[in-house]
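Worksheet: the structure to be examined is printed underneath.
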Amino acid sequence: MNKNESNRRLAERLDKLEREMEEIKSMLKDRETEPEEKKGTKQPFFSQPERRDSYSSEETKKDEGKTKPTGRDWEAWIGQVWLPRVFIVVLLIGVVWAFQSAVENNWITEPIRVLIGFVASVVLAITGVYQTKRERRGLGVSLIGGGAGVWIFSTFAGTVLYGLIQTPSAFILYVIGIFTGLYLSHVYKSQALAVFLTIAGFFVPFLVGGEGGDFFVFFFYEMLLVVALGVYAWRREYIVLLYATTLLPSVTFFVYVIASALTDTLGNNTGPVDQYDIFAYTVVAIHIALSILLFYSEALSRAKGTLLSLTFTAAVIWLFVTPLSPASIYEYGWVTLIVSVLDAFLVAGALLYGGIAYRIRHSGDMLFHLYTLFAVVLGTFEIFRIFDYEGSAILYLVEAIALYRLGFGINSRVQTVLASIFFIIGASLTLSNLEYIESAVDVPIFEGVTAAIVSGLVYLLFRSYTGNKVMTDIVRRTCVYVFAGAGIGFALLTLTQVAFQIGEENFYDYRDIAVSISWILFAVAALTAGILKDKRPLRIFAIVWIFITLGKAFLVDISYIDAIVRGLLFIGLGVVGVLVSRFFYRANKQNDN
């Protein structure tokens, strides 16, 4: 019995030992498969949280749609990106002040100062590369940018301030520093560093006094940067870098013209074509090249509108500030025909953009709206030049109604906003011009009539619009009232000016009476329209305006006219008031029935 008991206990112990061994094996197996970071490896304080979609495309494909994208780690973004950027500037400021103090105390000579600058720039760049390789990218890129800045400043000091470096050698040093930095920005994929060095690269000729040298050397260098950096930005889809590459030539050309004018070297050694013309043609060519690339490519779709608009604006400005010599000028009254390169650009551009916009009108692409805008702007400028900029308000107003009609037809908010801008400009010019007229058939009178008609047409467009893509219902109703008021206001103001001018030209002493008569006739016309169209606001306006006219007659007209004219005026006002009252009695009776 004791032997059986002993065997039983031994069996239980063996079973227990087997279970414990299995548990130990399981624990060891789990320990072997545990990730490295869970074994006690300490993570950096500012390290970003693990995001599988950032490192493994396979994991991304498996988990796509299952996990929500995490938000930006603001602590890491500020600490790793902006903190080094800000304090590298602080460091550079401190270095400059210390350097200035050392110079003032004659502690270091001029050659040593330049040498210290170059050594410091190399040390900063090497430290930046080291920090980047240690996965401190924000700090490393900031140090590389600081090193490039110190290199450029040291070269400038050695060339311009101290005269230690000759211009060709300084140019080579600038190119070495800038293109080394650009190469590092490519390696470490830093668009911010590339933009900084691109700006420095475009202004290098001014740092070595290039504005007083050979024009074609300057122009070739700038075009080399435009092509090389433009192609690089396009392939890498660096939007900000592409902005800088395509817009900086306009700025550097302007600076070159100003600097050359100050040094009296403008126009030297340029051959039959003036420097102005070369710059203008280049800026236009940049815009045309971008238009073609963005038309046939889907790259940089987010930047199409801004990029094309900015380069278009730069091209138009350069065309107008550049004295592109006119071949001949013909004047026919209001019409001034100038046959020049500028007019050729304006007409060709308007036709080309208008034709392309018409071809892609059903595509719904942003380029349709942009090309329509460009065609309208170029056509407007050409018409202004033909009419010698007289009556320009009429052109703005006509373009406004055309763009409103186009915007409502294609449900484009861009077109309606542009139309509103044109209308505001045209209306402002009309108000300004109506103040100074010399006769009842002067150009501002026709502008006022056009403003009144366009306001009425736009009022009808807003009233009949039923969509919700262009504007909300509240905005639509507000615009209805605004344009109705604008139409009435322009009509009344124009009629007042016409009546005043007629009175001043024919019966000077009664010019204010002519204005009062025109006001009464206008009120009667508004009342009639309100009756026929059953517009209660219009009828109320007519009544109010009759009372305003009566007040003007008592306060202004009665003071200097004789008794006969005074009597006739008030008889007319009384008859109008009685007829209006009779109409309202009749209208109320019909409503009661």
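Structure values in brief
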{"item": "Phi-based couplings in Hz for region 435-440 (Karplus 6.51, -1.76, 1.60; Gly and Pro marked x)", "result": "6, 10, 10, 10, 8, 6"}
{"item": "Cα pair distances in region 118-174, grouped into 5 Å bins until the bin that holds the longest one, percent each", "result": "5, 23, 22, 17, 13, 9, 7, 3, 0"}
{"item": "Restricting region 433-484 to GluC sites (Glu not before Pro) in coil, as DSSP defines it, with at most 12 other Cβ within 10 Å", "result": "GLU435, GLU438"}
{"item": "Three-way shape call for region 349-498 based on the alpha-carbon gyration tensor, with the a/c threshold at 1.5", "result": "oblate"}
{"item": "Stretch gain in nm, segment THR472-ILE317, where the contour uses 0.36 nm per residue and the Cα spacing is subtracted", "result": "52.2 nm"}
{"item": "FRET efficiency, 1/(1 + (r/R0)^6) with R0 56 Å, evaluated for MET366 and GLU504 via beta carbons", "result": "0.60"}
{"item": "Gyration tensor (alpha-carbon) shape descriptor, region 425-534, a/c threshold 1.5", "result": "oblate"}
{"item": "Fully extended contour minus Cα-Cα distance, from GLU104 to ILE199, at 0.36 nm per residue", "result": "31.1 nm"}
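Laboratory data are not the source of any read-out in this text; all were calculated from the coordinates shown. On a predicted model such as this, the values are computed, not experimentally measured, just so you know. A quick note on method: Cβ atoms are made from the backbone with ideal geometry, for glycine too, and the neighbour counts reach across all protein chains shown.
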